[in-house]
Amino acid sequence: MTVTTPNPANASLGDRLFRGLSEGSGVLMVVLIGAIGVFLLWRALPALSRNQVNFFTYGGTWATEDTSAMRFGILDLLQVTVFVSLFALVLAMPVALGVAIFLTQYAPGRLSAPLSYLIDLLAAVPSIIYGVWGLYVLAPRLQPVATWLNHNLGHCFLFASGNTTVAGGGTIFTAGIVLAVMILPIITAVTREVFAHTPQEQIEAALALGATRWEVAKTTVLPFGRSGYISGAMLGLGRALGETMAMLIILRGTQEAFGWSIFDGGSTFASKIAGAASEFTDQYKAGAYIAAGLVLFLLTFVVDALARAAVTGTRSGRLSR
């Protein structure tokens, strides 16, 4: 049997139009992203030329009042952004995995659909609502937990704090939990959809061999959906890196310097930029924050590249088996 490859020259007008629109859309997206990066770099260069310290290694006070001798750097912003995002990811990933397994393997259809809908609704809540809820409702209730962790695990730098009165308040501890709730719907939705498409014949074969529901999930569903789970986690991480209003409301409640403890404060890239919007009337002051935004812009590309590499590696390993 001979298989012929379609010749683009013989394609119908509709096929050619669809192909042209698809390719044009892809090129347009690349051009737009490149234009954003060029714009950020162009607006950041004047401020960087007046910076008196190393932009990447300086983590002291952000001083842009005197535009002739500016001192600003992203070290602290980068550390806080990555730390609080990873903390939120560590909290959200196991919960999202458990919810996805329950909804696809254990819950009956009449329960799975409304629960999935309720979890998806979490993504519709405005971030400013999450920030207010986290600072004024969640934080006071976390105070006993934070105090216990600080008292019993304070020998570990992750749970130590130089100012225990802010533990559980406007700190990374509260911000990370709120951020975990915010990214939970994204990770859960992607993971749930991938798990739901596990080949039914594989599930039935495992059940026919006497496997329990958990053994089916462990031996068929989890290996099949691992790449989707990683993709969902990376999407959630990208969402966490750029979160603005909730982090601004929570983290500015304390001036405790960041010292690699979940009970410290600090500013993320997004919250620092949003909190200084009043300074954007001057091109040099605004340029300093645009430079920080450019780093965040590039950081999301790094995360996406790592996610794609991880997913590709997972799929390759699965196919080789």
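The values are calculated or read from the model by the stated rules, or taken from the named source; none is laboratory data. These figures come from a predicted structure and were not determined experimentally. In this analysis, Cβ positions are derived from the backbone assuming ideal geometry, glycine residues included, and neighbour counts consider all displayed protein chains. Note: areas computed on protein heavy atoms with side chains; ligands, DNA, RNA excluded. Shrake-Rupley method; radii C 1.70, N 1.55, O 1.52, S 1.80 Å.
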Of all residues making up the stretch 263-296, the number that are within 23 Å of GLY176 (Cβ to Cβ), aromatic (Phe, Trp, Tyr) and modelled with pLDDT of 85 or more: 1
Any hit, the stretch 156-164, residues being modelled with pLDDT under 85, buried (at least 19 other Cβ atoms within 10 Å of the Cβ) and polar (S, T, N, Q): yes
Residue check, VAL84 crowded, with 18+ Cβ neighbours inside 10 Å, in a helix (DSSP H, G or I), touching a helix residue (DSSP H, G or I) at 6+ places or on another chain (Cβ under 6 Å) and among the β-branched types (Val, Ile, Thr): yes
Neighbours by Cβ (under 8 Å, 6+ apart or cross-chain): first from the stretch 282-297, more than 18 Å from GLY37 (Cβ to Cβ) and in contact (Cβ under 8 Å) with a residue 24 or more places away in the chain; second of a type in the set (Val, Ile, Thr) and buried (at least 18 other Cβ atoms within 10 Å of the Cβ): TYR284/THR64; LYS285/THR64
Residue, least open to solvent (accessible area, probe 1.4 Å), within the stretch 268-313, restricted to residues that are farther than 28 Å from VAL190 by Cβ and in a loop (DSSP other than H, G, I, E, B): ALA276
Candidate set from the stretch 107-155 (those that are under 26 Å from the mean Cα position of the chain (by Cα) and outside any helix (DSSP H, G or I)); member that is surrounded by the fewest Cβ atoms within 10 Å (Cβ to Cβ): PRO126
Matching residues, the stretch 190-217, being assigned to a helix (DSSP H, G or I) and surrounded by fewer than 19 Cβ atoms within 10 Å (Cβ to Cβ): GLU193, ALA196, GLN200, GLU201, GLN202, GLU204, ALA205, LEU207, ALA208, ARG213, TRP214, GLU215
Out of LEU78, LEU45, sole residue that is touching a helix residue (DSSP H, G or I) at 6+ places or on another chain (Cβ under 8 Å), closer than 30 Å to ALA123 by Cβ, open to solvent by 30 Å² or more (accessible area, probe 1.4 Å) and at pLDDT 90 or above: LEU78
Residue among PHE55, PHE39 that alone is open to solvent by less than 30 Å² (accessible area, probe 1.4 Å), farther than 18 Å from GLY275 by Cβ and either part of a helix (DSSP H, G or I) or not acidic (Asp, Glu) (or both): PHE55
